[in-house]
Every structure is written in C-alpha cells, then in structure tokens.
1. Please tell me the relative contact order of segment 3-96 in percent, rounded to the nearest whole number, where contacts are Cα pairs under 8 Å and at least six residues apart.
2. Excluding Leu16 itself, what net charge comes from residues whose Cβ is under 14 Å from its Cβ, given Lys and Arg +1 and Asp and Glu -1?
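What follows is calculated from the coordinates using simple rules that are stated; it is not laboratory data. The shown structure was predicted, so the numbers you read here are calculated from the model rather than taken from an experiment. All Cβ positions, even for glycine, are placed from backbone atoms using ideal geometry, and neighbour counts span all protein chains on display.
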Amino acid sequence: MTDSSGKEYDVLVGELTSVLSERTEAAVADRIALRDAVCRYVDAEQSRGTPLAVIIATVKGILTEAEADSANVPEELAEQLVEWCRQFHGKGNAKDLQ
C-alpha cells in the first residue's frame, strides 16, 4: 500500500466514522422521541378510558399509514411500538418523561 492509499483509507475511515456517529446519535434521539410520543398517546387515551387493544390497533394503523409514505418499515418497529403501548398502559408515565 502506498502512502497515498493509506491517506485515502484514513480519509474514508474518518468520513465513515463521522457519518455513523451522526446517524447513530440521530437514530437514538428519534427513537426516544418516538417512545415519548407513544407514551403520551397511551397516557391520553387511557385517561379517556380507551382499552389497550384499541390503543394498539390505532398505533398499528398510524404505522401502516406512515409505512405507505416511506420506505419499508421493519417489523421490529411495529413490535417495539406495541411493547411500548403495553409498558406505558396503566403507568401514567408520560408526565415523567421530560
């Protein structure tokens, strides 16, 4: 490997590291924002007396609509949304997130 190739490699590794760091931070922030939004929604619906099954169905419906507007949404996201609904239901956590 020549010195030029080594420098090019270092630049590429630096660029990749930078992009991965930025995107990872953004993904974590997005996931927290999504979780907080789900929690607030569950809390609001629960205070209205909405059953958990209806809350979950509504959240899945919203995800389906969002999926139509974007690239394929992974099944893991749907599973995570349902899990958050179950976790937050009955806890009144939305007020404690901020």
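1. That works out to 41 percent.
2. Numbers: positive: Arg23; negative: Glu8, Asp10, Glu15, Glu22.
Spelling it out: positives minus negatives among the neighbours equals -3.
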